[in-house]
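Got a structure for you, questions after.
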């Protein structure tokens, strides 16, 4: 009698992790996966850094580049990093102003994982001579959490 091989945990998972997945066509089509927090009774900080984030100017279609810093104190869920990478990549052909990209990313992640606290810093590289930095946060930072500086210096140009 022939038996089908059992699926591994990754193969049986609805997550994108462990599967070949193409880049979503837009942020709205991107799926953000969440996984259970292994320490829901503990306040701690999670940081994701995306130093090569790219989106398009909605007026000119030219690329805009940013260094994104995402910090959060998880509740019951963590954002799964592969899905986050694909979500960030979905902005490459998406037209949105710096403020729109940064704030919408923070809001979407907060909606999906419901963290105790979340902040995002969007440090946009200058185009047209003006850098734009965008910051958004939600929730209340627990008193027992150490949050290091995001470490991205303000733009100084040649001065």
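The values are calculated or read from the model by the stated rules, or taken from the named source; none is laboratory data. Just so you know, these numbers come straight off a predicted model, no measurement behind them. No Cβ is skipped: glycine too gets one built from the backbone with ideal geometry, and neighbour counts run over all protein chains shown.
Among (1) under 18 Å from residue 104 (Cα atoms); (2) surrounded by fewer than 12 Cβ atoms within 10 Å (Cβ to Cβ), where does residue 34 come up short?
Evaluating residue 34 over (1) under 18 Å from residue 104 (Cα atoms); (2) surrounded by fewer than 12 Cβ atoms within 10 Å (Cβ to Cβ) leaves (2) as the failure.
How many residues does the stretch 64-83 contain that are surrounded by 19 or more Cβ atoms within 10 Å (Cβ to Cβ) and farther than 22 Å from residue 39 by Cα?
4
Also, I was wondering about something else. Looking at the stretch 71-152, what strands (runs of 3 or more DSSP E) fall wholly within it and have at least 2 residues that are under 26 Å from residue 16 (Cα atoms)?
By residue number, 77-79, 117-127.
Let me ask you something else. Among what's in the stretch 84-111 and is out of contact with any strand residue (DSSP E or B) (no Cβ under 7 Å at 6 or more places or on another chain) and within 26 Å of residue 40 (Cα to Cα), pick the residue that is surrounded by the most Cβ atoms within 10 Å (Cβ to Cβ).
Per the stated criteria, the residue is 87.
Still on this structure, I have one more. Any residue in the stretch 125-150 that is on the phi > 0 side of the Ramachandran plot and surrounded by 15 or more Cβ atoms within 10 Å (Cβ to Cβ) sitting within a Cβ distance under 8 Å of a residue that is in a loop (DSSP other than H, G, I, E, B) and modelled with pLDDT of 95 or more? List the pairs, counting only those 6 or more apart or interchain.
As it stands, the answer is 139/115; 139/116, since those pairs meet every condition given.
What about residue 90, is it under 14 Å from the mean Cα position of the chain (by Cα) and more than 17 Å from residue 28 (Cα to Cα)?
Judged against the criteria, residue 90 is not a match.
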